[in-house]
Amino acid sequence: MVVKEYNKRYLFGCCSISSTNPAEGIAVYQYLKLAGHVHQTIQVNTKPGFECVSPLGIETVNEKNLPSVLLRYIQFGSKVCGYPALDKEFKSIDFLMLLDADDFDKIMLEKLAR
């Protein structure tokens, strides 16, 4: 793994969903939060103008509705580090993800032990 090769502990980046519907971004965030996939202490603020705000309310989301890459990230132990950001230029909603390599190793060891 790259983080280990360079003696680093953390890997971060964005994971996007193909939507410009703020209600969908909020629903995904709420689902991830309730499922324990939002970091408890690291919360990055969304840049003004990119917030997901929905006057229409929140849609319902379950694991089946999540993009496979987002599911894979959380299966490896990544945590969401802030509210979703609406990227109108790329027609997506972005989530900042953080992977602690130490947690990744524990999760992978558990999966391999099964």
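A few remarks follow.
- The set of residues in segment 67-79 that are under 16 Å from Leu96 (Cβ atoms) and aliphatic (A, V, I, L, M) comprises Val69, Leu70, Ile74.
- Which numbered condition Thr41 misses (of (1) touching a residue at least 40 places away in the same chain (Cβ under 8 Å); (2) more than 17 Å from Lys64 (Cα to Cα)): (1)
- Test: residue in segment 36-47 that is of a type in the set (Ser, Thr, Tyr) and either modelled with pLDDT under 90 or surrounded by fewer than 19 Cβ atoms within 10 Å (Cβ to Cβ) (or both): yes
- Near pairs, Cβ below 9 angstrom, 6+ apart or cross-chain, from segment 91-114 (part of a strand (DSSP E or B)) to any residue that is modelled with pLDDT under 70 and surrounded by 11 or more Cβ atoms within 10 Å (Cβ to Cβ): Leu99/Val3
- When Phe50 is tested against (1) aromatic (Phe, Trp, Tyr); (2) loosely packed, with under 14 Cβ neighbours inside 10 Å; (3) in contact (Cβ under 8 Å) with a residue 12 or more places away in the chain, only condition (2) is not met.
The values are calculated or read from the model by the stated rules, or taken from the named source; none is laboratory data. Nothing here was measured: the structure is a model prediction, and the numbers come from that model. A quick note on method: Cβ atoms are made from the backbone with ideal geometry, for glycine too, and the neighbour counts reach across all protein chains shown.
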